[in-house]
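Asker: Please see the structure below; I have some questions.
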Amino acid sequence: MAETSTTTLQAPRDESTEVAQPPSRRRWIIIAVVLILVLVAIGFWWHSTYYEDTDDAQINGHLIQISSRINGQVIKVNVVENQQVNKGDLIAELDPRDYDVAIENAKAALASAEAAAMAAKVAVPITSINTGSNLASAGSDVSAATAGISQAQSQLAAAHAKVVQAEANNAKAQSDLQRYKPLVEKDVISKQQYDAAVASADAAKASVDDAHANEKAAGDAVRVASEKASQAQAQLKYAQTGPQQVAAQNARYKQAEAEVQKAQAQLDQANLNREYTRIVAPAAGIITRKSVEINQNVSTGQNMLTLVSLEDLWVTANFKETQLKHMGPNQAVTIKVDATGKEYDGYVKQIGGATGSVLSLFPPENATGNYVKVVQRVPVRIDFKDLNGEDPNHALRPGLSVEPKVSVK
């Protein structure tokens, strides 16, 4: 049996065609997956190296408790719950009549104090002039009184000399009378001569009495002059206190000026109390927890409502302690707000002084030995760079959740 061979003809291979064939689809998928993983790894590394973020963050603000600074009755309320107000808007009014009366009383007291101060001021130069005049006059009076004493003493000496002279004349006249008496009895002398001697003796005796009276009057004049001199000395001593009197009047003037200042302060306080009857918003915000009503009597410090400020807002972000290694003040922050869907620019203001667990109402006690290490969180304050520019309509509210991302490098 003859073998039959079959020859199969193959087409010649084209090497250029084989090289130009594209890679398989599986290879492209693998390459794409690897590239995506690499990019994700690079992105994760980049983010973890240059940024720190957290979703445990919220917006904080000031809750202003608005209360009355004076006692009074509410006569008008201009706001309702959840109303937005601007700084300076009138919230409520108290009855001002009592404080109007207080202002009038304070004005009257001020006018009275000013009048008293003016009178005291005018009295200062008058007192100075009077004390100077009194001092000069008192000095003259002392000199005159001293001279009067000398003159009175001289008159007393002269009166005493006349007394001595009168007594001598009287003694001579009495002696002559005694000699003439026996002579007239014997008719040695005439009766006429004897009568002349008697008259002369009587006149001499009367002269003695008159001289004694003049001496007594001169003594009284010396005593009066001495008293005048003592009085003049007392006046001089009083006049010498002129500087002290001027100082005392100046002190009274200063006291009157102090009373003016006191009255002015009382008037200022009365005007302030009158202004306090108008209760205005201290900042822009939202009215909440309103408890004031018309005709309600309020007292000093009584809370009337709460104002949620929308002007001074910041973010409190609780970062893990492992995220704080490269974090510090003034680092740029991007703040994403869930409620608005927008991002805002901010910066790290400060890092809290303790962890949240330490600042809690019941701090953990780890002295029992049952300790499990837990990553702690530290509050970080983040401020907005331009809150009014980025949030002109005050869409942000305290308590809103945010996601801050801090650029740490």
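Asker: Under 6 Å by Cβ, and 6 or more places apart or on different chains, what pairs join a residue from the range 254-265 that is surrounded by fewer than 18 Cβ atoms within 10 Å (Cβ to Cβ) with one that is among the basic types (Lys, Arg) and modelled with pLDDT of 95 or more?
Answerer: none
Asker: Looking for whichever is within 25 Å of the chain's Cα centre (by Cα), assigned to a helix (DSSP H, G or I) and of a type in the set (A, V, I, L, M, F, W, C) here; the options are 115, 106. Which one fits?
Answerer: Details: 115 fails: within 25 Å of the chain's Cα centre (by Cα).
When all the criteria are applied, what remains is 106.
Asker: While we're on this one: Condition test on residue 101, is it surrounded by fewer than 18 Cβ atoms within 10 Å (Cβ to Cβ) and either under 30 Å from residue 262 (Cβ atoms) or without any contact (Cβ under 8 Å) to a residue 12 or more places away in the chain (or both)? Before the answer, list the steps.
Answerer: Numbers: surrounded by fewer than 18 Cβ atoms within 10 Å (Cβ to Cβ): yes; either under 30 Å from residue 262 (Cβ atoms) or without any contact (Cβ under 8 Å) to a residue 12 or more places away in the chain (or both): yes.
Yes.
Okay, residues lined up against (1) within 30 Å of residue 70 (Cα to Cα); (2) within 60 Å of the chain's Cα centre (by Cα); (3) not assigned by TED's automatic domain parsing to the domain that holds residue 170:
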{"residue": "185", "(1), (2), (3)": "no, no, no"}
{"residue": "197", "(1), (2), (3)": "no, no, no"}
{"residue": "204", "(1), (2), (3)": "no, no, no"}
{"residue": "213", "(1), (2), (3)": "no, no, no"}
{"residue": "223", "(1), (2), (3)": "no, no, no"}
{"residue": "227", "(1), (2), (3)": "no, yes, no"}
{"residue": "251", "(1), (2), (3)": "no, yes, no"}
{"residue": "257", "(1), (2), (3)": "yes, yes, no"}
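Asker: Does residue 149 satisfy the condition of being in contact (Cβ under 8 Å) with a residue 24 or more places away in the chain, within 30 Å of residue 278 (Cα to Cα) and in contact with a helix residue (DSSP H, G or I) (Cβ under 9 Å, 6 or more places away or on another chain)? Give the steps one after another, and end with the answer.
Answerer: Values: in contact (Cβ under 8 Å) with a residue 24 or more places away in the chain: yes; within 30 Å of residue 278 (Cα to Cα): no; in contact with a helix residue (DSSP H, G or I) (Cβ under 9 Å, 6 or more places away or on another chain): yes.
Answer is no for this residue.
Asker: Let me ask something else. Can you find even one residue in the range 81-95 that is closer than 30 Å to residue 260 by Cα and modelled with pLDDT of 95 or more?
Answerer: Initial filter on the range 81-95 (closer than 30 Å to residue 260 by Cα): 94-95.
Then keep just the ones that are modelled with pLDDT of 95 or more; that gives 94-95.
Yes, some residue in the range 81-95 is closer than 30 Å to residue 260 by Cα and modelled with pLDDT of 95 or more.
Asker: Here is a further query. Restricting to the range 47-93, and then to whatever is charged (D, E, K, R) and not in a loop (DSSP other than H, G, I, E, B), can you tell me which residue is farthest from residue 315 (Cα to Cα)? Before the answer, list the steps.
Answerer: Looking only at the range 47-93, we keep the residues that are charged (D, E, K, R), and these are 52-53, 55-56, 69, 76, 81, 87, 89, 93.
Checking the rest, the ones that are also not in a loop (DSSP other than H, G, I, E, B) come to 52-53, 76, 93.
Numbers: 52: 15, 53: 13, 76: 37, 93: 35 Å.
Looking at the filtered set, the residue picked out is 76.
Asker: Within the range 233-267, which residues are over 15 Å from residue 118 (Cβ atoms) and of a type in the set (Lys, Arg)?
Answerer: So in the range 233-267, the residues over 15 Å from residue 118 (Cβ atoms) come out as 233-248, 251, 262, 265-267.
Scanning the range 233-267 gives 237, 262.
Asker: In the range 143-167, which residue that is among the small types (Gly, Ala, Ser) and crowded, with 16+ Cβ neighbours inside 10 Å is nearest to the chain's Cα centre (by Cα)? Talk me through it step by step, then tell me what you get.
Answerer: As a first pass, look at the range 143-167 and keep what is among the small types (Gly, Ala, Ser): 143-145, 147-148, 150, 152, 154, 157-159, 161, 166.
Filter again for crowded, with 16+ Cβ neighbours inside 10 Å, leaving 145, 148, 152, 159, 166.
Numbers: 145: 59, 148: 64, 152: 69, 159: 79, 166: 89 Å.
Filtering first and then ranking leaves 145.
Asker: Looking only at the range 276-294, count how many residues are aliphatic (A, V, I, L, M), over 31 Å from the mean Cα position of the chain (by Cα) and within 14 Å of residue 74 (Cβ to Cβ). Give the derivation first.
Answerer: So in the range 276-294, the residues aliphatic (A, V, I, L, M) come out as 279-281, 283-284, 286-287, 292, 294.
Narrowing the set further to residues that are over 31 Å from the mean Cα position of the chain (by Cα) leaves 286-287, 292, 294.
Then drop every residue that is not within 14 Å of residue 74 (Cβ to Cβ), which leaves 292, 294.
Residues flagged as aliphatic (A, V, I, L, M), over 31 Å from the mean Cα position of the chain (by Cα) and within 14 Å of residue 74 (Cβ to Cβ) within the range 276-294 amount to 2.
Asker: Return the pair list, or none, for Cβ contacts closer than 9 Å from residues in the range 174-195 that are without any contact (Cβ under 8 Å) to a residue 12 or more places away in the chain to residues that are outside any helix (DSSP H, G or I), at least 6 apart or on different chains.
Answerer: Close Cβ pairs satisfying both conditions: 182/188; 183/189; 184/190.
Asker: Now for a different question. Is it the case that residue 165 is closer than 30 Å to residue 220 by Cα and either touching a helix residue (DSSP H, G or I) at 6+ places or on another chain (Cβ under 9 Å) or of a type in the set (Phe, Trp, Tyr) (or both)?
Answerer: Numbers: closer than 30 Å to residue 220 by Cα: yes; either touching a helix residue (DSSP H, G or I) at 6+ places or on another chain (Cβ under 9 Å) or of a type in the set (Phe, Trp, Tyr) (or both): yes.
Here the answer is yes, as residue 165 does meet what is asked.
Asker: Among the residues of the range 208-225, which ones are touching a helix residue (DSSP H, G or I) at 6+ places or on another chain (Cβ under 6 Å) and either surrounded by 18 or more Cβ atoms within 10 Å (Cβ to Cβ) or farther than 30 Å from residue 174 by Cα (or both)?
Answerer: 208, 211, 214, 215, 218, 221, 222, 225
Asker: Give the residue that is nearest to the chain's Cα centre (by Cα), with candidates limited to residues of the range 383-409 that are of a type in the set (D, E, K, R), more than 21 Å from residue 82 (Cα to Cα) and surrounded by 13 or more Cβ atoms within 10 Å (Cβ to Cβ). Break it down stepwise before answering.
Answerer: Filtering the range 383-409 for residues of a type in the set (D, E, K, R) gives 383, 385-386, 390-391, 397, 403, 405, 409.
Filter once more, keeping what is more than 21 Å from residue 82 (Cα to Cα): 383, 385-386, 390, 403, 405, 409.
From the residues that got through so far, the ones that are surrounded by 13 or more Cβ atoms within 10 Å (Cβ to Cβ) too are 383, 385, 390, 403, 405.
Details: 383: 34, 385: 36, 390: 40, 403: 46, 405: 46 Å.
Going through the qualifying residues, I end up with 383.
The values are calculated or read from the model by the stated rules, or taken from the named source; none is laboratory data. Bear in mind the structure is a predicted one, so any value in this text is a computation, not a measurement. All Cβ positions, glycine included, derive from the backbone under ideal geometry; neighbour counts span all protein chains shown.
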